[in-house]
Amino acid sequence: MKIIMLGAPGAGKGTQAKMIAEKFSVPHISTGDIFRANIKNQTELGMEAKKYMDEGKLVPDELTVKILLDRVAKEDCANGYVLDGFPRTIPQAEVLNDALTKMNDAIDYAIDVDVPDENIVKRMSGRRACVTCGATYHIVHVPPKTENICDKCGSELILRDDDKPETVLNRLKIYHEQTQPLIDYYTEKGVLKTVDGTKDMNDVFADIVAILQ
Ligand code: ADP
Ligand code: AMP
């Protein structure tokens, strides 16, 4: 089962991808998480990616495609995966498509989590991320048990720099310009499914499970 999560930043791709990964026992692969782990470890890749991420821009395709192809080549991806935040451009989608075609394979579903822009800025300003394990919360919808402390590892929760409203508006603009065309791309491939991402997260998940089963 090879699934792509599409949707604006903050639409709930990561939230749903984690639930899908758990239910269907496939790895959850988030290029954003891979970049953030590299930034934390101060690797060369992390330092390069940070320049773009801080401004809400996309990391260049050459860098992003390489880390994704390396990741999906790992053994745990043999039975499939759920991609969260990749592809974000048509060239990225084409590289993935070519790599899969060479193996006589293809994406099974591209799930578009649809949330209007007006809801996004509100959601992003409420998102809190764990500095250590990357778990995400929302101050209203998914609050941690203790304010600003991760339930899973006890570390501090922060508002990501790129979730501040001025950067979110830039990320949304880039989403519409560069990522939204993927909706037509996957529609043409016959694998696009759209879910209403404004519903409660468990209801969104139920809609996704109905599609996948
Ligand atoms: P993305 O991966 O698309 O950037 P996230 O999954 O991190 O988005 O979700 C963004 C924020 O919105 C998080 O704080 C998350 O807890 C919250 N969230 C996710 N899904 C929903 C939902 N259906 N309703 C309300 N809040 C949600
Ligand atoms: P995310 O955690 O998915 O919201 O991603 C955070 C940031 O990482 C994005 O705003 C981009 O700067 C960068 N990023 C993540 N995935 C990609 C991708 N597929 N292509 C380019 N940049 C990406």
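Only one of the numbered conditions (1) over 25 Å from V142 (Cβ atoms); (2) more than 10 Å from ligand 2 (Cβ to nearest atom); (3) out of contact with any Lys or Arg (no Cβ under 8 Å at 6 or more places or on another chain) is not met by I3, and that is (1).
Of all positions in region 111-123, at least one carries a residue that is modelled with pLDDT under 95 and touching a Pro at 6+ places or on another chain (Cβ under 8 Å).
If the condition is being open to solvent by less than 80 Å² (accessible area, probe 1.4 Å) and either among the charged types (D, E, K, R) or on the phi > 0 side of the Ramachandran plot (or both), then region 181-192 contributes only G190. Return the total of residues in region 1-23 being at pLDDT 95 or above, more than 13 Å from ligand 1 (Cβ to nearest atom) and open to solvent by 50 Å² or more (accessible area, probe 1.4 Å). Qualifying residue count, region 1-23: 2.
Listed by first and then second residue, the pairs with beta-carbon distance under 9 Å, at least 6 apart or on different chains, first residue in region 135-160 and more than 23 Å from D200 (Cβ to Cβ) and modelled with pLDDT of 95 or more, second open to solvent by less than 60 Å² (accessible area, probe 1.4 Å) and among the polar types (S, T, N, Q), are I149/S155.
Does I29 satisfy the criteria of being outside any helix (DSSP H, G or I) and either within 14 Å of ligand 2 (Cβ to nearest atom) or open to solvent by 60 Å² or more (accessible area, probe 1.4 Å) (or both)? Write out each step before concluding.
Details: outside any helix (DSSP H, G or I): yes; either within 14 Å of ligand 2 (Cβ to nearest atom) or open to solvent by 60 Å² or more (accessible area, probe 1.4 Å) (or both): yes.
Judged against the criteria, I29 is a match.
Out of region 184-203, which residues are closer than 23 Å to A93 by Cβ and either touching a strand residue (DSSP E or B) at 6+ places or on another chain (Cβ under 6 Å) or touching a residue at least 40 places away in the same chain (Cβ under 8 Å) (or both)? I'd like the intermediate steps shown before the answer.
Filtering region 184-203 down to residues closer than 23 Å to A93 by Cβ leaves 184-195, 197.
Passing the criteria: Y185, Y186, K189, V191, L192, K193, T194, V195, G197.
Can you pull out the residues in region 75-95 that are closer than 21 Å to K18 by Cα and touching a Pro at 6+ places or on another chain (Cβ under 8 Å)? Give the steps one after another, and end with the answer.
First, the residues of region 75-95 that are closer than 21 Å to K18 by Cα: 75-88.
Answer for region 75-95, where residues must be closer than 21 Å to K18 by Cα and touching a Pro at 6+ places or on another chain (Cβ under 8 Å): D76, C77, Y81, V82.
Candidates in region 37-72 are the residues that are open to solvent by 50 Å² or more (accessible area, probe 1.4 Å) and in a loop (DSSP other than H, G, I, E, B); of these, the one that is nearest to E94 (Cα to Cα) is K57. Evaluate region 191-199: report whether one residue or more is in a helix (DSSP H, G or I), of a type in the set (A, V, I, L, M, F, W, C) and farther than 14 Å from A11 by Cα. No, region 191-199 contains no residue that is in a helix (DSSP H, G or I), of a type in the set (A, V, I, L, M, F, W, C) and farther than 14 Å from A11 by Cα. D117: within 17 Å of L182 (Cα to Cα), more than 11 Å from ligand 2 (Cβ to nearest atom) and of a type outside the set (F, W, Y), yes or no? No, not satisfied. Within region 111-127, is there a residue that is in contact with a helix residue (DSSP H, G or I) (Cβ under 7 Å, 6 or more places away or on another chain), open to solvent by 60 Å² or more (accessible area, probe 1.4 Å) and not in a loop (DSSP other than H, G, I, E, B)? No, region 111-127 contains no residue that is in contact with a helix residue (DSSP H, G or I) (Cβ under 7 Å, 6 or more places away or on another chain), open to solvent by 60 Å² or more (accessible area, probe 1.4 Å) and not in a loop (DSSP other than H, G, I, E, B).
Can you give me the number of residues within region 22-53 that are under 19 Å from D200 (Cα atoms) and not acidic (D, E)? I'd like the intermediate steps shown before the answer.
So in region 22-53, the residues under 19 Å from D200 (Cα atoms) come out as 22-23.
Cutting the leftovers down to not acidic (D, E) gives us 23.
Adding up the residues that qualify gives 1.
Taking first residues from region 14-41 that are farther than 23 Å from M53 by Cβ and partners that are among the basic types (K, R), the Cβ contacts under 9 Å between residues at least 6 apart in sequence or on separate chains come to V26/K2. Mind checking whether some residue in region 168-180 is outside any helix (DSSP H, G or I) and either open to solvent by 80 Å² or more (accessible area, probe 1.4 Å) or touching a strand residue (DSSP E or B) at 6+ places or on another chain (Cβ under 7 Å) (or both)? Taking every residue of region 168-180 in turn, none turns out to be outside any helix (DSSP H, G or I) and either open to solvent by 80 Å² or more (accessible area, probe 1.4 Å) or touching a strand residue (DSSP E or B) at 6+ places or on another chain (Cβ under 7 Å) (or both).
The values are calculated or read from the model by the stated rules, or taken from the named source; none is laboratory data. The model shown is predicted, which means the values in this text are computed figures rather than measured ones. In this analysis, Cβ positions are derived from the backbone assuming ideal geometry, glycine residues included, and neighbour counts consider all displayed protein chains. SASA here: full protein model, heavy atoms, side chains in, ligands and nucleic acids out. Shrake-Rupley method; radii C 1.70, N 1.55, O 1.52, S 1.80 Å.
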